[in-house]
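Peer 1: Quick one: the structure is below, and I'll ask about it shortly.
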Amino acid sequence: MKKNKFEVPVIQRVNPGMPGKTGMGQGYSPITEIDGIPVKELIERFGSPFYLISEKKLRETYRKAYQAFASRYPRVQFAWSYKTNYLNAVCRVFHQEGAWAEVVSGFEYEKALFNGVPGNQIIFNGPLKTEHDLEKAMDNQSVIHLDHFDELFTLIRLSDRLQKKARVAIRINMDTGIFPKWDRFGFTYENNEAWHAIEFIMQSGFLELVGLHTHIGTYILSTQAYRIAVQKMSALALKTNATYGHRIQYLDLGGGFASANTLKGAYHAAADVVPSFDAYADAITSAMLQQNWPDNNPPYLFLETGRALVDEAGYLLSSVTATKRLSDGRRALILDAGVNLLFTTFWYELEVHPGIETTISTDETDIVGPLCMNIDVIRKNLKYPLLEPGDPVVIPRIGAYNMTQWMQFITYRPAIYMVDESQQVHLVRKGEDLQYLQQLEQVPDHLKK
């Protein structure tokens, strides 16, 4: 039987402030293992810091999301959002599970092809597509989601020159009752711009309109907003059929589903307010099924959710570098990983868990990174256990965006590993070194002396 460490009795100060629903903020319970592998063992093997991705969690989350929709609607197709996490290993897990690829740049399009995705299973979104990108998408029979009239005109010109019909959808922005309204992308519904785009496509004779697409925002907590989006897109699809006798093959609701991370400044924790996949599915599929589709033949439902599928599967394992006292007496815990590796800390209250069992003693603590920048703060004002230099910490739910928006700044970007369903750990991206960083640099001859 393990003997508990002796602790000197202490008097804890009661801190003023605004409590949340569960009272004053406290430290986090330890995460001592991930998928059955001890955190201490992982850091001993691979160093610190590094990212770890759970393949088991990726597959479990995808299957849960797919089941929520497929059990309610006869035609559902997920497309993995490459911008959320475009590590090849992550993408291939989702493609093995049946997801298509959704990309927003020529770079991501090339990665999708490299990962073996057939061209006709790639959805090409985004406001920037070069003529070269558009030609490649046409050659591969990919669906091009048009963002603006300039792109539409360019594609018509290319179609005429190449004598090829492009498969297209239009992106639609609309008022669904949420703030801010994402009206920067696509054609506006309320002023009939979206309908005018449809008319132009149908009358051009050069493009094949196969779908309608929207992405109403990010971290959307209102399922009603998705219901409204379905109703407005369905109205356009039915109007297209009535006017031109042309059926829209799919409605693409984009992404925006919230993950289990709590937003900065939120009064309620994410666990109390984030809808489940079933709740999102109820709102979206019920609205789809309520439409009067011709011949009772509804279109496919496409979904491009990224954050909610991958966040839970990602971890950053780090270590305490030092502790110190700030000028107001609070404690600072300095980690060997900072905001350059945790871009989402600017809008999430990321959880920082001790990687070992700790004592019950806590102190008011700021958790900061190693960068020479005052903004390198991961969490502020936590009641946190008294960790020491060398102790491991685990930051969970960082699978979305942190590995695509990370910065090489002051420190090298670390390695990324994936633990498979058999508890085998695989290197999926090497850590950086000086040779890697300098391989694209050129020094002028007069500076070589």
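Peer 1: Tell me whether region 239-257 contains one or more residues that are in a strand (DSSP E or B), touching a residue at least 24 places away in the same chain (Cβ under 8 Å) and acidic (D, E).
Peer 2: Taking every residue of region 239-257 in turn, at least one turns out to be in a strand (DSSP E or B), touching a residue at least 24 places away in the same chain (Cβ under 8 Å) and acidic (D, E).
Peer 1: In region 74-114, which residue that is closer than 22 Å to V419 by Cα and among the hydrophobic types (A, V, I, L, M, F, W, C) is surrounded by the fewest Cβ atoms within 10 Å (Cβ to Cβ)?
Peer 2: Looking at the filtered set, the residue picked out is A89.
Peer 1: Of all residues being on the phi < 0 side of the Ramachandran plot and polar (S, T, N, Q) in region 139-165, which is surrounded by the most Cβ atoms within 10 Å (Cβ to Cβ)? Just the residue, please.
Peer 2: Only one residue tops the list, namely S142.
Peer 1: Please go through region 350-387 and pick out each residue that is of a type in the set (D, E), in contact (Cβ under 8 Å) with a residue 60 or more places away in the chain and closer than 22 Å to T32 by Cβ. Spell out the reasoning first.
Peer 2: As a first pass, look at region 350-387 and keep what is of a type in the set (D, E): 351, 357, 363-364, 366, 376.
Imposing the further condition that a residue be in contact (Cβ under 8 Å) with a residue 60 or more places away in the chain reduces the set to 351, 357, 364.
Matches in region 350-387: E351, E357.
Peer 1: Within region 217-248, take every residue that is over 22 Å from D278 (Cβ atoms) and of a type in the set (D, E, K, R) and give me the one that is farthest from the chain's Cα centre (by Cα).
Peer 2: It comes out as K239.
Peer 1: Same structure again: Please determine whether any residue of region 310-324 is free of Cβ contacts under 8 Å to residues at least 40 places away in the same chain and not assigned by TED's automatic domain parsing to the domain that holds A229.
Peer 2: Yes; the residues of region 310-324 include at least one that is free of Cβ contacts under 8 Å to residues at least 40 places away in the same chain and not assigned by TED's automatic domain parsing to the domain that holds A229.
Peer 1: Would you pick out the residues in region 390-449 that are surrounded by 13 or more Cβ atoms within 10 Å (Cβ to Cβ) and among the small types (G, A, S)?
Peer 2: G399, A400, A415, G431
Peer 1: Ok, one more. Could you pull out the residue among P298, P294 that is out of contact with any His (no Cβ under 7 Å at 6 or more places or on another chain), surrounded by fewer than 18 Cβ atoms within 10 Å (Cβ to Cβ), over 25 Å from T218 (Cα atoms) and assigned by TED's automatic domain parsing to the domain that holds V93?
Peer 2: Values: P298 fails: surrounded by fewer than 18 Cβ atoms within 10 Å (Cβ to Cβ).
That would be P294, the only listed residue that is out of contact with any His (no Cβ under 7 Å at 6 or more places or on another chain), surrounded by fewer than 18 Cβ atoms within 10 Å (Cβ to Cβ), over 25 Å from T218 (Cα atoms) and assigned by TED's automatic domain parsing to the domain that holds V93.
Peer 1: Looking at region 158-169, can you tell me whether even one residue there is within 26 Å of the chain's Cα centre (by Cα) and at pLDDT 95 or above?
Peer 2: yes
Peer 1: Would you please name the residue that is surrounded by the most Cβ atoms within 10 Å (Cβ to Cβ), looking only at residues in region 325-337 that are assigned to a strand (DSSP E or B) and free of Cβ contacts under 8 Å to residues at least 40 places away in the same chain?
Peer 2: I334
Peer 1: Report, by residue number, each residue of region 84-130 that is outside any helix (DSSP H, G or I) and of a type in the set (D, E).
Peer 2: Correct list: E97, E102.
Peer 1: Can you tell me how many residues within region 24-79 are among the charged types (D, E, K, R), in contact (Cβ under 8 Å) with a residue 60 or more places away in the chain, assigned to a helix (DSSP H, G or I) and farther than 19 Å from D311 by Cβ? Even if it seems obvious, please write down each step before you answer.
Peer 2: Going through region 24-79, the residues among the charged types (D, E, K, R) turn out to be 33, 35, 40-41, 44-45, 55-57, 59-60, 63-64, 72, 75.
Restricting the remaining residues to those that are in contact (Cβ under 8 Å) with a residue 60 or more places away in the chain gives 35, 40, 45, 55-57, 59, 64, 72, 75.
Adding the requirement that they be assigned to a helix (DSSP H, G or I) leaves 40, 45, 55-57, 59, 64.
Filter once more, keeping what is farther than 19 Å from D311 by Cβ: 40, 45.
Within region 24-79, residues that are among the charged types (D, E, K, R), in contact (Cβ under 8 Å) with a residue 60 or more places away in the chain, assigned to a helix (DSSP H, G or I) and farther than 19 Å from D311 by Cβ number 2.
Peer 1: Let me ask something else. Whether any residue in region 363-371 is surrounded by fewer than 17 Cβ atoms within 10 Å (Cβ to Cβ) and more than 20 Å from the chain's Cα centre (by Cα) is what I want to check.
Peer 2: No, because not a single residue in region 363-371 is surrounded by fewer than 17 Cβ atoms within 10 Å (Cβ to Cβ) and more than 20 Å from the chain's Cα centre (by Cα).
Peer 1: I want to confirm something. Restricting to region 196-218 and keeping residues that are modelled with pLDDT under 95 and in a loop (DSSP other than H, G, I, E, B), which single residue is farthest from T240 (Cα to Cα)?
Peer 2: It comes out as T218.
Peer 1: Then there is this: Are any residues in region 361-382 more than 12 Å from E351 (Cα to Cα) and either part of a strand (DSSP E or B) or of a type in the set (F, W, Y) (or both), and if so, which ones?
Peer 2: T362, D363, E364, T365, D366, V368, V377, N381
The values are calculated or read from the model by the stated rules, or taken from the named source; none is laboratory data. None of the values given here were measured: they were computed from a predicted structure. Virtual Cβ from ideal backbone geometry, glycine too; neighbours counted across all protein chains shown.
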